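Below is one structure; the comments refer to it alone.
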Amino acid sequence: MENNLKKETEKIISECQECGLCSNGCNFLAESASPAEIARRGITLEEAYGCALCAKCKAVCPFGLSPQPMFQARRVKAIQNQELDQEEFNYFMPDYEENVMNVYRQYYHIDYRDLEIDESSDTYFFPGCTLMTYSPKLTREIYSRLHKKLGCRGILTECCGLPLHQMGLTDRAQRYTDFLIEKITGHGIKRLITACPNCYYLLRETLKSTGVEILTIYEVVDFPDNSQGNLPKCTIHDSCPDRFEGIFARQTRAALKNYGVEIVEMANILQDSPCCGSGGQISHFRPDLADKLVHNRLEEAKHTGAQILVSYCLSCVLNFARIDIDSELTVRHVLNLLLGVDEDYTDVKKQAAKIFAE
């Protein structure tokens, strides 16, 4: 990994023109230095874990250059050099049994073992750990519709493993990936339906050699069209993993418009969308920066005149909903609107914190 870090820093040093465009679009780079300057002097541990890994820098760079791999490589080096104590971060790692999501589900009695499971089914729902933990009503509604529409008779309650990758825990990430592949192929699963963009893109890469088809919920569920009148105006926050392909961005906008929702766009959308403040696990390392990103985005949403800020990533939704901005702006998941399952996410973070305060 030392060679990989060297390769990535040398690439930035030789190709970055230090034009300032990425710094203008990134709060993290704006407070630090140009990617070339950081690469020349060496990346600090704080900088490695201060980057949201959101790739907006690549989107705004005229040459498509991204320092993200450089920061990711520095994270791997930090883990290998034991600059961090891995155990301090196990509380949000999917390969650790007592992680915060498992504990949250146990504490609030969230369980899916009652759902009808057919071991011979080749179509499974992969809700993702955030959705199945913090939005159980929505998770069950999605599964019910998939069951009726596609004959889906299975649900996988694992995490896709993204936190392990982002933290730089390469060995643990590989073991977890091997575990997922073995479980999915061992069940004879041919098709996975996902609701989370992070899960979709990571699983598509992880399972590309297995022949397992990865689909989004928006491709397979029949949502109602124009079923209600006087729907509130919505503005959409686009999720970072969807930045370049825009699969979820297109599908959710089409579904919302078909449903009769008037969409008023913010200034920064699609490839230009900022991180919500949860990317790259920065909320654990730079909560001040995460809060700044949240407040900036909420202010941008308020200026559209929309009544609802929606996102197709529940991590984004939870991050926005935790901040009281003293306005009439409501934060919801896209599927809350499309499936008629309303859930208030305002106190979810507080409910999680309550467990560990006792």
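The values are calculated or read from the model by the stated rules, or taken from the named source; none is laboratory data. These numbers come from a predicted model, not from an experiment. Every residue, glycine as well, gets a Cβ built from its backbone with ideal geometry; the counts of neighbours run over all protein chains shown. Each accessible area value is taken on the protein alone, full model and side chains, heavy atoms only, with ligands, DNA and RNA left out. Shrake-Rupley method; radii C 1.70, N 1.55, O 1.52, S 1.80 Å.
The residues packed around Arg140, meaning those with a beta-carbon under 12 Å from its beta-carbon, carry a net charge of -3 if Lys and Arg are +1 and Asp and Glu are -1. Placing R0 at 30 angstrom, the Cβ-Cβ distance between Glu182 and Asp225 gives a FRET efficiency of 0.15 after rounding to 0.05.
Computed from the Cβ-Cβ distance with R0 of 45 Å, the FRET efficiency linking Glu245 to Lys354 stands at 0.75.
In this label model, Glu262 and Arg113 are separated by 4.9 nm, measuring between points 7 Å along each Cα→Cβ vector. Based on DSSP H segments of at least four residues, each scored -39500 (n - 2.57), the chain has a per-residue ellipticity at 222 nm of -13500 deg cm²/dmol. Scanning the chain for trypsin sites (Lys or Arg not before Pro) in DSSP loops with at most 15 neighbouring Cβ atoms within 10 Å leaves 234-358 as the longest stretch between them.
By the rule of a second cysteine Cβ within less than 4.7 angstrom, the chain holds isolated cysteines at Cys16, Cys19, Cys26, Cys51, Cys61, Cys152, Cys234. With K and R counted +1 and D and E -1, the other residues having a Cβ less than 15 Å from that of Leu84 yield a net charge of -2.
Based on protein heavy atoms only, the stretch 1-85 ends up with 48 Å² per residue of surface accessible to a 1.4 Å probe.
With all protein chains kept in place, the per residue accessible area of the stretch 159-298 amounts to 42 square angstrom at a probe of 1.4 angstrom. By accessible area, using a 1.4 Å probe on protein heavy atoms only, the stretch 4-63 has 51% of its surface on carbon and sulfur. State the Cα centre-to-centre distance between the stretch 47-117 and the stretch 218-288 in whole Å. Cα centroid of the stretch 47-117 versus Cα centroid of the stretch 218-288: 22 Å apart. Our coupling estimate for the stretch 18-28, obtained by passing each phi through the Karplus curve with A = 6.51, B = -1.76, C = 1.60 and θ = phi - 60°, is 6, 7, x, 5, 5, 5, 5, x, 9, 4, 5 Hz, Gly and Pro reported as x. Think of each Lys and Arg Cβ as +1 and each Asp and Glu Cβ as -1; about the Cα centre, that makes the dipole of the stretch 165-242 roughly 200 debye. Pairs from the list Lys302/Lys354; Lys58/Lys190; Lys148/Lys183; Lys58/Lys302; Lys149/Lys354; Lys11/Lys208 with a Cα-Cα gap above 32 Å: Lys58/Lys190; Lys149/Lys354. Annotation: amide H of Thr330 within the under-5 Å range of Ile308, Leu309, sequence separation 5 or more or interchain, hydrogens built in the peptide plane. Rounded to the nearest 20, the size of the Cβ-charge dipole of the stretch 1-40 about its Cα centre is 80 debye, with Lys and Arg at +1 and Asp and Glu at -1. Expressed as a whole percent, the accessible surface of the stretch 97-186 that belongs to carbon and sulfur atoms is 48, based on a 1.4 Å probe. How large is log10 I(q)/I(0) at q = 0.12, 0.17, 0.23 Å⁻¹ when the Debye formula is applied to the Cα atoms of the stretch 20-126, each weighted equally and without solvent? For the stretch 20-126 at q = 0.12, 0.17, 0.23 Å⁻¹, log10 I(q)/I(0) is -0.65, -0.87, -1.19.
P(r) tail for the chain: Cα pairs beyond 26 Å make up 52% of the total.
In the Gaussian network model of the chain, springs joining C-alpha atoms below 10 Å, which of Leu314, Leu207, Leu293 carries the largest mean-square fluctuation? Highest fluctuation of the listed residues: Leu207.
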